[in-house]
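Below is one structure, written out as structure tokens; comments come after it.
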Amino acid sequence: MKAMILAAGMGTRLLPLTEKRPKPLFPILDRPLIDILIRSLERSGCDAIIINTYHLAHMIDEFVKAQAYAIPVVTRYEPTILGTGGGIKNAEDFWDDEPFLVINGDVFTDIDPGKVYRFHLNHEHPVTLVLHDYAEFNHVWVDPRDHVRGFGHTGPCPPSRTEPSQGAARTTLPSPKYRKFAFTGIHVLDPQVLSFIPNGTFCNIIDAYCEMIHQGFTIKGFIARNHYWHDIGTTAGYREATRDALASKAFKTLFPEAKSDTLVWSKLKGDGSDRTWYRVSAGKSSIILVDHGPPPETIRHLASGIRRHPIIMVDHGPHRESCTCEADAFFAIGQHLQNKGVPVPRILAYDRPSGLVVLEDLGELHLQTVVRSCVDTQEVIGHYRAIIDLLIATGVSGAEGFDPACTYETPYYDRELILEKESRYFVKAFLNGYLGLKLNFETLKSEFEVLAQRALGHPYMGLVHRDFQSRNILVKDGKYYFIDFQGARLGPLPYDLASLLIDPYVELSQNFQKALLNYYIRRLSDFMPVHPTELYDAYQYCAINRNLQILGAFAFLSRVKGKKDFETYIPPAVSSLKARLRSIEQGQCPKLSSIIERI
């Protein structure tokens with residue numbers, strides 16, 4: 001069996017990714033798609049392969065020459081694009097008198113080409129098209145005998161008005177039982193098909209097939225079922241193929257006994273971020289896949305042809321390069337926390353160019369739900385005390401050996417971060433964007449400077465989660481797990497406690513918060529010297545800054561992102577901020593206090 005990979009397209013649907021890298025060299029989990037196709041053909045008993053090229057042909061040539069394939073693999077450059085039919089005709093001297101297989105260079109599939117070829121040898125017709133049910137592309141008409149009767153939206157081809165060629169089957173009248181399937185881009189052709197393709201000019205192979213049907217030849221359909229197939233010809237298609245491949249590989253690693261070829265995908269409801277979450281399951285086993293979106297340099301990596309960041313599976317060491325995107329931070333910090341024994345979901349795989357991370361599935365029960373279902377105050381206290389114990393251990397031990405290069409945007413929770421990501425965010429998103437007050441940040445900046453200075457002016461530093469609230473704490477089998485840790489960095493330990501206690505999702509009473517703060521102070525003293533008054537003061541200012549961030553985020557999410565559920569929590573967050581500002585020294589923030597009191 002000889003085979004051809006059609007790789008002479010321009011890749012226009014994948015622009016700008018294909019400006020400097022041809023589509024067949026796009027990687028799926030570290031392997032260029034064309035390599036995956038060649039290896040599949042090689043395993044299926046193929047004797048030789050030809051690849052037609054056009055756009056950035058030299059890159060495909062160089063890649064093929066650098067490999068050590070067990071069979072001959074050659075390329076053929078087309079100075080002018082000849083189309084799917086013209087490309088096949090242009091390789092006429094490559095073919096012998098045996099049937100040959102052709103596959104599109106942008107197809108990612110597990111369909112066995114050897115099985116297709118053997119199917120073709122077992123019938124007398126000159127063409128076998130591999131078809132499947134794919135609603136978006138179902139434009140191939142097939143009769144009850146799996147004979148292809150036509151292509152497109154106009155219906156089956158009309159019966160031939162002339163006698164068929166010798167050895168060809170007559171065209172039968174159209175049947176009401178015709179079905180529609182999609183062409184997979186895989187077909188097997190007898191050499192006689194070449195006579196239906198003109199020399200040296202553009203030709204779509206489907207046009208040749210239509211002419212063959214019109215002349216009475218039969219084109220046989222191979223109906224693929226229980227298979228995987230994806231067209232990577234679009235950006236969405238390429239990302240989906242990578243997502244599927246990563247999930248399948250991770251599933252096989254974690255659950256080798258499960259049938260990963262029957263994975264069921266369920267999109268999960270996200271919270272405040274723009275990431276997309278999926279539960280991927282087979283039977284009773286499942287994993288979680290989170291899509292952060294590709295990092296900014298993905299286009300540069302594809303364009304340069306350099307793959308510097310391979311897929312990292314479960315047993316690999318931590319990612320040591322400087323983090324340049326949120327997914328980097330998620331992976332690197334998650335690995336660090338896991339190594340420190342912090343209760344976080346295990347990271348099973350990470351594909352950096354796509355921003356995809358696979359996690360163990362810990363369910364969907366959050367602390368918010370658990371607390372709201374408690375009827376006994378002591379039960380609530382028990383939950384929070386256990387979480388505070390874990391929080392302290394995380395902040396202290398997590399800081400040991402923590403590499404600031406793992407963080408995204410800023411390595412520390414410092415003055416600049418407070419002023420930009422909390423104070424200015426609060427003014428822009430909440431006071432101006434949500435309330436429409438049209439205030440100038442500079443008029444309040446001196447007061448925000450005081451809040452930042454007082455939140456940082458103490459020795460109680462460690463690793464800060466920075467979004468430590470009830471929806472980011474999962475509960476499973478009586479144990480607590482921390483999620484959404486990608487924003488972690490070094491900073492003031494009381495900040496995470498403030499995030500937990502002033503959490504608008506739960507609305508703990510002031511007395512409850514004070515009791516838990518006292519418990520925190522006692523427990524922290526087991527790890528470091530603690531001056532209660534000093535730590536209490538630091539907590540108050542961390543709580544105010546966190547409150548500003550909460551209101552900015554809720555306003556932005558509800559007004560700009562259209563996530564109106566967050567609007568429900570703005571009133572309790574405002575009440576909390578009022579209480580916090582009243583608790584600090586009089587006259588420190590008169591302008592801010594006056595504005596908040598009027599809300």
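The values are calculated or read from the model by the stated rules, or taken from the named source; none is laboratory data. Keep in mind it's a predicted model, so treat the numbers as computed, not measured. Using ideal geometry, Cβ is built from the backbone for each residue, glycine included, and neighbour counts are taken over all protein chains shown.
When the stretch 426-454 is limited to residues that are under 36 Å from the mean Cα position of the chain (by Cα) and aliphatic (A, V, I, L, M), the one that is nearest to Ala543 (Cα to Cα) turns out to be Ala452.
Is it the case, given these coordinates, that Leu417 is crowded, with 22+ Cβ neighbours inside 10 Å and among the hydrophobic types (A, V, I, L, M, F, W, C)? Spelling it out, it is not the case that Leu417 is crowded, with 22+ Cβ neighbours inside 10 Å and among the hydrophobic types (A, V, I, L, M, F, W, C). Scanning the stretch 298-305 for any residue that is at pLDDT 80 or above, in contact with a Lys or Arg (Cβ under 6 Å, 6 or more places away or on another chain) and not basic (Lys, Arg) turns up nothing.
In the stretch 238-260, the condition of being over 30 Å from Ile288 (Cβ atoms) and not hydrophobic (A, V, I, L, M, F, W, C) is met by no residue.
For beta carbons closer than 8 Å, sequence separation of 6+ or different chains, a first residue in the stretch 562-580 that is touching a residue at least 60 places away in the same chain (Cβ under 8 Å) and a second that is in a loop (DSSP other than H, G, I, E, B) and of a type in the set (Asp, Glu), the qualifying pairs are Pro572/Glu507. Could you tell me whether the stretch 490-499 includes any residue that is surrounded by fewer than 21 Cβ atoms within 10 Å (Cβ to Cβ), at pLDDT 95 or above and in a helix (DSSP H, G or I)? Looking for residues that are surrounded by fewer than 21 Cβ atoms within 10 Å (Cβ to Cβ), at pLDDT 95 or above and in a helix (DSSP H, G or I), one finds none in the stretch 490-499, hence no. Asp110 satisfies every condition listed in (1) among the acidic types (Asp, Glu); (2) exposed (fewer than 15 other Cβ atoms within 10 Å of the Cβ); (3) within 20 Å of Ala208 (Cβ to Cβ) except (3).
Scanning the stretch 342-362 for residues that are small (Gly, Ala, Ser) and either at pLDDT 95 or above or not in a loop (DSSP other than H, G, I, E, B) (or both) turns up Ala349, Ser354. For the stretch 187-196, does any single residue satisfy the condition of being out of contact with any Lys or Arg (no Cβ under 6 Å at 6 or more places or on another chain) and part of a loop (DSSP other than H, G, I, E, B)? Yes, that holds for at least one residue. Among the residues of this structure, Ile103 counts as one that is outside any helix (DSSP H, G or I), modelled with pLDDT of 95 or more and surrounded by 13 or more Cβ atoms within 10 Å (Cβ to Cβ). Taken over the stretch 240-277, residues that are buried (at least 19 other Cβ atoms within 10 Å of the Cβ), of a type outside the set (S, T, N, Q) and in contact with a Ser or Thr (Cβ under 6 Å, 6 or more places away or on another chain) amount to 1. On the basis of being out of contact with any Pro (no Cβ under 6 Å at 6 or more places or on another chain) and under 18 Å from Ser576 (Cβ atoms), does Ala452 make the cut? Answer is no for this residue.
A count restricted to the stretch 238-256 and to residues that are over 12 Å from the mean Cα position of the chain (by Cα) and more than 18 Å from Arg279 (Cβ to Cβ) stands at 1. Among the residues of the stretch 212-237, those that are over 39 Å from the mean Cα position of the chain (by Cα) and part of a loop (DSSP other than H, G, I, E, B) comprise Gln215, Gly216, Phe217, Thr218. Within the stretch 405-414, does at least one residue satisfy the condition of being part of a helix (DSSP H, G or I), surrounded by 15 or more Cβ atoms within 10 Å (Cβ to Cβ) and out of contact with any helix residue (DSSP H, G or I) (no Cβ under 9 Å at 6 or more places or on another chain)? Within the stretch 405-414 (the criterion being part of a helix (DSSP H, G or I), surrounded by 15 or more Cβ atoms within 10 Å (Cβ to Cβ) and out of contact with any helix residue (DSSP H, G or I) (no Cβ under 9 Å at 6 or more places or on another chain)), the answer is no, since none of the residues qualifies. Candidates in the stretch 481-498 are the residues that are within 28 Å of the chain's Cα centre (by Cα) and small (Gly, Ala, Ser); of these, the one that is farthest from His458 (Cα to Cα) is Gly487.
Here the stretch 45-77 is the region considered, the condition is being polar (S, T, N, Q) and in a strand (DSSP E or B), and the residue that is surrounded by the fewest Cβ atoms within 10 Å (Cβ to Cβ) is Thr75.
Only one entry in Arg523, Arg546 is modelled with pLDDT of 95 or more, within 40 Å of the chain's Cα centre (by Cα) and surrounded by fewer than 19 Cβ atoms within 10 Å (Cβ to Cβ), namely Arg523.
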